[in-house]
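Scroll down for the structure; my scribbles are underneath it.
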Amino acid sequence: MLYTAVKHLHLTCIALSVLLFLMRFFWTMTGSSMLQKKWVKITPHIVDTFLILSAGTLCVLISQYPFVTPWVTEKLVGLFMYVFMVALALKMARTTFMRIIGFVGALSWIAFTALVAISKQAILFS
């Protein structure tokens, strides 16, 4: 019961994180003033905090940990790369081309992480 609740929280946080990224990327590319709203600046950090906390809780509940279980390690690598690519797309990039690279990279890493999570098989570290 607890596992199911935490897993649903985790999946919801993933969906919200990606949705917020897509919205912020669109607003960045269009120069929208929405990016200056306080909730737009704060909400992604709250969602990502719950995402990480739920991931850690799931690791404890299933007794599989990063740097011990290869597929969990790959999920962690995927999360870090997703966060880096989001930062590239939204903050670090100075050109539209680099923003698009960050956008595609972020979506690719989230897809990779989902594939690893569903299969529970390491791809990079197998």
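The values are calculated or read from the model by the stated rules, or taken from the named source; none is laboratory data. Because the structure is a prediction, the values reported are computed rather than measured. Cβ: placed from backbone, ideal geometry, glycine included. Neighbour counts: every protein chain shown. Heavy atoms of the whole protein, side chains included, go into the accessibility calculation; ligands, DNA and RNA do not. Shrake-Rupley method; radii C 1.70, N 1.55, O 1.52, S 1.80 Å.
Points to keep in mind about this one:
- Verdict on residue 97 being in a helix (DSSP H, G or I), open to solvent by 90 Å² or more (accessible area, probe 1.4 Å) and more than 27 Å from residue 121 (Cβ to Cβ): yes
- Here residue 75 meets each of (1) open to solvent by 60 Å² or more (accessible area, probe 1.4 Å); (2) out of contact with any Cys (no Cβ under 7 Å at 6 or more places or on another chain); (3) within 23 Å of residue 122 (Cα to Cα) with one exception, condition (1).
- Count of the stretch 108-120 residues, restricted to those that are in contact with a Leu (Cβ under 9 Å, 6 or more places away or on another chain) and either open to solvent by 50 Å² or more (accessible area, probe 1.4 Å) or among the charged types (D, E, K, R) (or both), is 1.
- Residue check for residue 90: aliphatic (A, V, I, L, M) and open to solvent by 40 Å² or more (accessible area, probe 1.4 Å): no
- None of 63, 54, 126 is within 20 Å of residue 4 (Cβ to Cβ) and in contact with a helix residue (DSSP H, G or I) (Cβ under 7 Å, 6 or more places away or on another chain) except 54.
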